[in-house]
Amino acid sequence: MTIVVNVTAVIVIVYMVLVALVYISLFMIASPKIRKERELNRQELIEDTSVNTDTFPVSVLVPAFNEDIGIIDTARSMLGLNYPQHEIIVIDDGSKDTTSEKMIQEFNMKEIDLAIRQYFPTQRVKRAFQSEDHANLFLVQKENGGKADALNAGINFSNYPYFSAIDGDSILDKDALLKTMKPIIDSNGEVTATGGTVRIANGSTIKRSKVEKIALAKEPVVIMQIIEYFRAFLIGRLGLSRMNILLIISGAFGVFEKKRVIKAGGYDVSTVGEDMELIVRIHRSIKHEKSNQRIEYIQDPVCWTEAPSTISSLRLQRKRWQRGLAETLWMHKRMMFNPKYKGVGLFSMPYYLLIELLSSIFELVGYVIIVLGLVFSFVSPEVTIVMTVMTVLYGSLLSSLAVLLEEWTYHKFPDLKSLVILFAWALTETFWYRPMVVWWRCEGIIQVLRNKKAVWGNMNRKGISSEGTS
């Protein structure tokens, strides 16, 4: 028993070292872009893009299911976007609350004739409305079919060559669409999809659908999610994007070329990870055509969303994310280690399998070994110490680096106190938050293996427009 546990401990240690090296490599790849970003005059770039005659019109799709708490603020945020030509389409996916009623009343909407192209089959679309106060604001009512089905219905209804997919609880900075469309405009269409950085709005002051003051939430579980987002977006996604092998654009906010999405077959309604699955299918489509098109990520924080503020809702979210990741990798398993798909098949797919999916199993084994070493002496003291040090380095210090990187690049938090709090909580991650999330991710894997349907659950939204104001 002692020999088995010690050998397993060595394997876990080697795995953690290799993963740490991968993260360091991604950080090094991303560093030139981050340094360049610090030197840019963002306002000047925004002004240049806003007057560019080559900007493409964009359809903004907002799928909504029981979002009556935040849908008005989200719609106002979309109407306030600084972009030459865009339409906003809110798709009510069979809500059982007052989502549609609030939209119709708030924006003086009247029913219009349905004129829908059938790019994709969807659940029945019942009615469509247009605002008499804002001619570019529409509401589509349909039978419930899930987020992917709602987005497909929105694409069918849309009029413009590019579309942006926005979560119903998200709020965008007014220049978000300009910033995210800029790589597409500059590349003359060679960039087929882009995504921006998503930030957590809990705790910030948001009035009239605009972030007026950035502040931290009071709940430790929300603070840890802020740190997680820093790590995921600034280190992981930026590095993969620079190699054109990024496999996910956040479902909270992304921009896509409609023609490419139609070629790829639209959103898959059979998976809970429809955002990642679509990106993988777009990569596959590009490689099959031997096209030079690419997918890019911009590191500017452009989207604000409400994070789960309770343990129960966070658990459901993480299990769902893990299931979506597993489903996508299984659906496209033939791309794995396949040289035909170049970096996507040889690096990106294995990365998401071995590091993003299976890391939870290795970390859980690591925690078990530490407990066995401390309580039952099954593991030699030397191995226990090394394992503990690696676990802290792997989790807490990497998160601390992400916090420092965020401040170095964007200076979004106005006061030193917030940074000190973030840094202090990042150092505690290994001792409470990470083991909790690791267990939930393992539950997600078990759920997939048992072929048990994922449950969306209730996030108990407060509505991010009220955070920090009442």
Quick one: in the stretch 88-115, of everything that is farther than 24 Å from Ser77 by Cβ and aliphatic (A, V, I, L, M), which residue is modelled with the lowest pLDDT?
Ala115
If Leu364 meets every condition in (1) touching a Ser or Thr at 6+ places or on another chain (Cβ under 8 Å); (2) closer than 21 Å to Ala326 by Cα; (3) surrounded by fewer than 18 Cβ atoms within 10 Å (Cβ to Cβ); (4) not basic (Lys, Arg) apart from one, which number is that one?
(1)
Taking the stretch 96-120 on its own, how many of its residues are acidic (Asp, Glu) and farther than 23 Å from Asn66 by Cβ?
1
Candidate set from the stretch 159-176 (those that are surrounded by 23 or more Cβ atoms within 10 Å (Cβ to Cβ) and polar (S, T, N, Q)); member that is farthest from Ala64 (Cα to Cα)
Ser164
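In the list Gln130, Gln118, which residue meets the criterion of being farther than 26 Å from Ser250 by Cβ, at pLDDT 95 or above, open to solvent by 40 Å² or more (accessible area, probe 1.4 Å) and not aromatic (Phe, Trp, Tyr)?
Values: Gln118 fails: at pLDDT 95 or above.
The match here is Gln130.
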Kindly indicate the residue of the stretch 407-420 that is at pLDDT 70 or above and open to solvent by less than 90 Å² (accessible area, probe 1.4 Å) and also nearest to Thr205 (Cα to Cα) among those meeting that condition.
Phe413
Just give me the residues in the stretch 65-97 being within 20 Å of the chain's Cα centre (by Cα) and of a type in the set (S, T, N, Q), in sequence order.
Thr74, Ser77
Options Gly203, Gly189: the member that is under 26 Å from Lys342 (Cβ atoms) and either at pLDDT below 85 or not β-branched (Val, Ile, Thr) (or both)
Gly189
Within the stretch 380-397, tally of residues that are surrounded by 20 or more Cβ atoms within 10 Å (Cβ to Cβ) and at pLDDT below 75
2
Taking Phe413 and the conditions (1) touching a residue at least 60 places away in the same chain (Cβ under 8 Å); (2) in a helix (DSSP H, G or I), which numbered condition does it fall short on, given that it satisfies the others?
(2)
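Do we have any residue at all in the stretch 213-227 that's touching a residue at least 60 places away in the same chain (Cβ under 8 Å), assigned to a strand (DSSP E or B) and either open to solvent by 10 Å² or more (accessible area, probe 1.4 Å) or under 21 Å from Tyr341 (Cα atoms) (or both)?
The initial filter retains those residues of the stretch 213-227 that are touching a residue at least 60 places away in the same chain (Cβ under 8 Å), namely 213-217, 219-227.
Next cut, assigned to a strand (DSSP E or B) only: 213.
Those still in the list that are either open to solvent by 10 Å² or more (accessible area, probe 1.4 Å) or under 21 Å from Tyr341 (Cα atoms) (or both) too: 213.
Yes, the stretch 213-227 contains a residue that is touching a residue at least 60 places away in the same chain (Cβ under 8 Å), assigned to a strand (DSSP E or B) and either open to solvent by 10 Å² or more (accessible area, probe 1.4 Å) or under 21 Å from Tyr341 (Cα atoms) (or both).
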Taking the criterion of being over 20 Å from the mean Cα position of the chain (by Cα) and more than 16 Å from Cys303 (Cβ to Cβ), would at least one residue in the stretch 192-199 satisfy it?
no
Please go through the stretch 390-409 and give me each residue that is of a type outside the set (Gly, Ala, Ser) and either within 11 Å of Met16 (Cα to Cα) or not in a helix (DSSP H, G or I) (or both), ordered by number.
Met390, Thr391, Val392, Leu393, Tyr394
State all residues of the stretch 231-250 that are under 18 Å from Ser170 (Cα atoms) and surrounded by fewer than 24 Cβ atoms within 10 Å (Cβ to Cβ); if no residue qualifies, say none.
Phe233, Ser250
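For Ser77, indicate whether it is over 30 Å from Gly324 (Cβ atoms), crowded, with 20+ Cβ neighbours inside 10 Å and not charged (D, E, K, R).
Values: over 30 Å from Gly324 (Cβ atoms): no; crowded, with 20+ Cβ neighbours inside 10 Å: yes; not charged (D, E, K, R): yes.
No.
State all residues of the stretch 254-272 that are among the small types (Gly, Ala, Ser) and open to solvent by 10 Å² or more (accessible area, probe 1.4 Å); if no residue qualifies, say none. Reasoning before the result, please.
In the first step, residues of the stretch 254-272 are kept if they are among the small types (Gly, Ala, Ser); the result is 254, 264-266, 270.
Across the stretch 254-272, the qualifying residues are Ala264, Gly265, Ser270.
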Given (1) assigned to a helix (DSSP H, G or I); (2) touching a Ser or Thr at 6+ places or on another chain (Cβ under 7 Å), identify the lone condition not met by Gly196.
(1)
Among the residues of the stretch 1-47, what is the count of those that are surrounded by 13 or more Cβ atoms within 10 Å (Cβ to Cβ), more than 24 Å from the chain's Cα centre (by Cα) and either polar (S, T, N, Q) or modelled with pLDDT under 85 (or both)?
5
The stretch 85-115, subset touching a residue at least 12 places away in the same chain (Cβ under 8 Å) and among the polar types (S, T, N, Q), residue surrounded by the fewest Cβ atoms within 10 Å (Cβ to Cβ):
Gln85
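The values are calculated or read from the model by the stated rules, or taken from the named source; none is laboratory data. Remember, predicted model here, so these are calculated numbers, not experimental data. Here the Cβ is made from the backbone with ideal geometry for all residues, glycine too, and neighbour counts use every protein chain on show. With ligands, DNA and RNA removed, areas are computed over all heavy atoms of the protein, side chains included. Shrake-Rupley method; radii C 1.70, N 1.55, O 1.52, S 1.80 Å.
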